[in-house]
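The structure appears below as structure tokens.
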Amino acid sequence: NKDLLLGRKDYILDLMAEQGYISESERDQAKAQEIIFANPETAIFAPHFVMYVKSLLSDKYGEKTLEQGGLKIITTIDYDKQKIADETVAEVTENYQEKYNANNAALVSLDPKNGQVLAMVGSRDFFNKDISGQVNVVTSSRQPGSSIKPIVYAALFEKGGYNPNTIVFDTVTDFGNYSPKNYNLKEYGPVSLRQALAGSLNIPAVKVLYLAGLKSTITLAESLGYQNLSEGVGLSLVLGGAEVRLLDHANAFSALARDGEVSTPSVILKVEDKNGNVLEEWQPNKRNILTSETARMVTSILTDN
């Protein structure tokens, strides 16, 4: 509220001049003085994670209780892993601007056994306004590109009758005003689904979504934890046309690691009030979404070069 703050400053200066504490020239001189605000830096550890936890608890218990209620909050974060995550993002993104014309990055690490968040880096620098550093990219909607393809292939395998050796034709196809191309603009003719996914071929991927069915695929994705997927993007969904949250995206892949089992992402283990009463405590929340056969087929393909 910088504008309100500066307005208050001028109001006080006017009162001081009116009441004789300063002269009018001193008031004018003070009003004209440029005020430079320091950036709000603090030694807060894992700021995006902390703010995310605060937002969840504020919605549940209210801002006043959160700030003044003496709550004891135990979270899922792993201090050592968070330090590694911070250092890694800083190190690998040092020349992102020059190499990719990209000024930001994010990272989230979850335990696939239970969905607990172990580390969260929401941006390259929480205090950098030039990159909107306080925006948590981990919990923001972004296009996932081709990294969504394994989920779509899983949807097809779940229908039955398809496996990594099933052949599709990698030739330019008109899907009704939509004719996708491969990233290298080449066509490879008959390819197995294994080759298509391992090579991240776009045309076969769109065919896979067509065969799996857009509605069925979105239903499966939402059961894995994706939010607000729109059928409006059509078949481009498999090429990253729909926006997803990195948090949900990373957690969905745990279903591949756990033979089809997935848990809801969590950041809070326990909350106690000032008297030690437990207000909430984490409980396992596992559900089987994919068959073990589907999870193993997709995982096997993803081990390929």
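With everything on Cα atoms, drop me the angle between helix 202-212 and the longest principal axis of the chain, reported from 0 to 90° to the nearest 10.
Helix 202-212 sits at roughly 80 degrees to that axis.
Which of the chymotrypsin sites (Phe, Trp or Tyr not before Pro) found in region 130-231 are in a DSSP loop and have at most 13 neighbouring Cβ atoms, other than their own, within 10 Å?
178, 183
Relative to the compact globular guide of 2.2 N^0.38 Å, what is the alpha carbon radius of gyration of region 148-268, as a ratio?
1.06
Evaluate the distance, in nm, between pseudo-label points positioned 7 Å from the Cα of residue 185 and of residue 8 along their respective Cα→Cβ axes.
Once both label points are built, they end up 6.0 nm from each other.
Quick check: with the 1.4 Å probe, what order do 51, 120 take by accessible area, largest first?
51, 120
Which of the lysines could a cross-linker span from residue 181 if the Cα-Cα distance has to be under 30 Å and same-chain partners fewer than 8 positions apart are dropped?
99, 149, 159, 207, 215
Going by Cα centres, region 82-112 and region 205-253 are how many Å apart?
Each part's Cα centre sits 25 Å from the other's.
Tell me, what is a quarter of the convex hull surface for the C-alpha atoms of region 11-155, in nm² with one decimal?
Value for region 11-155: 15.3 nm².
For region 97-157, what does the equivalent ellipsoid look like in terms of its semi-axes, each the square root of 5 times an eigenvalue of the Cα gyration tensor, given largest first in whole Å?
With the √(5λ) rule applied to region 97-157, the semi-axes are 26, 17, 9 Å.
Loop only per DSSP, at most 11 neighbouring Cβ atoms within 10 Å: give me the GluC sites (Glu not before Pro) in region 32-95, ordered by residue number.
34, 41, 94
Order of 250-259, 7-16, 68-77 by packing, highest average Cβ count within 10 Å first?
Descending mean neighbour count gives 250-259, 68-77, 7-16.
When the helices in the chain are scored as -39500 (n - 2.57) per DSSP H run of 4 or longer and the sum is shared across all residues, what 222 nm value do you end up with, to the nearest 500 deg cm²/dmol?
Estimated from H runs of four or more residues: -12000 deg cm²/dmol.
So which lysines pass the test for residue 9, namely a Cα distance under 30 Å, with those fewer than 8 places away in the same chain ruled out?
31, 64, 129
If I fit a long axis through the Cα atoms of helix 47-61 and take the longest principal axis of the Cα atoms of the chain, what angle between them do I get, 0 to 90°, rounded to 10?
The two axes meet at around 80 degrees.
The values are calculated or read from the model by the stated rules, or taken from the named source; none is laboratory data. Predicted model only: the values in this text are computed from it and were never measured. Counting neighbours? That spans all protein chains shown, and the Cβs are built from the backbone with ideal geometry, glycine included. Ligands, DNA and RNA are stripped out before the accessible areas are found, and what is left, the full protein with its side chains, is counted by its heavy atoms. Shrake-Rupley method; radii C 1.70, N 1.55, O 1.52, S 1.80 Å.
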